[in-house]
Amino acid sequence: MQYKLNPAITEKELRDYGFTDFSNGHWYYYQIMYNEYRWHMSFNLDVLKSNYNHIEIDIIDDITGKVFNFKYMTDVKKKDRTVRRMKRAYDKIIKKLLNDEILLEGNNEQS
């Protein structure tokens with residue numbers, strides 16, 4: 001599924017929700033997604049301020065600082081208990097962002 005940031009949302013609402021703009025020209029949202037034993041994963045949402053259709057979602061291994069190949073793991077190791085837990089956590093974050101109307105479902109056509 002593709003998402004876009006709700007264009008009706010205000011800067012104050014984004015900040016109140018937990019977004020920062022420490023990187024010039026971007027809105028950034030970070031949330032710990034999974035933190036157990038040797039897995040420390042976070043959900044990272046990056047949105048261009050100039051184009052709310054341009055969204056990047058990365059799952060980061062906070063121990064190594066590297067992007068975790070979440071799509072591959074959920075496709076190939078979908079029976080792994082840890083991967084299933086991370087997928088549930090990811091789905092829960094996305095569902096909340098959609099329910100709170102921070103994100104909207106839709107295509108990412110350039111505007």
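Throughout, read-outs are computed from the coordinates displayed, never taken from laboratory work. Quick caveat: nothing in here was measured; it's all calculated off a predicted structure. Positions of Cβ are generated from backbone atoms using ideal geometry, with glycine treated the same way; all protein chains shown enter the neighbour counts.
Overview of values
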quantity	calculated
Coil-residue trypsin sites (Lys or Arg not before Pro) of region 3-65, DSSP, other Cβ within 10 Å capped at 12	Arg38
Simple spin-label estimate for Glu11 and Lys77 in nanometres, 7 Å along Cα-Cβ	4.2
Alpha carbon centroid spacing (whole Å) that separates region 74-98 from region 1-65	17
Candidates per GluC sites (Glu not before Pro) in region 30-111, loop by DSSP, up to 14 other Cβ within 10 Å	Glu101, Glu109
Low-density loop cleavage sites - chymotrypsin sites (Phe, Trp or Tyr not before Pro) in region 5-65, where at most 14 other Cβ are within 10 Å (DSSP)	Phe22, Tyr37
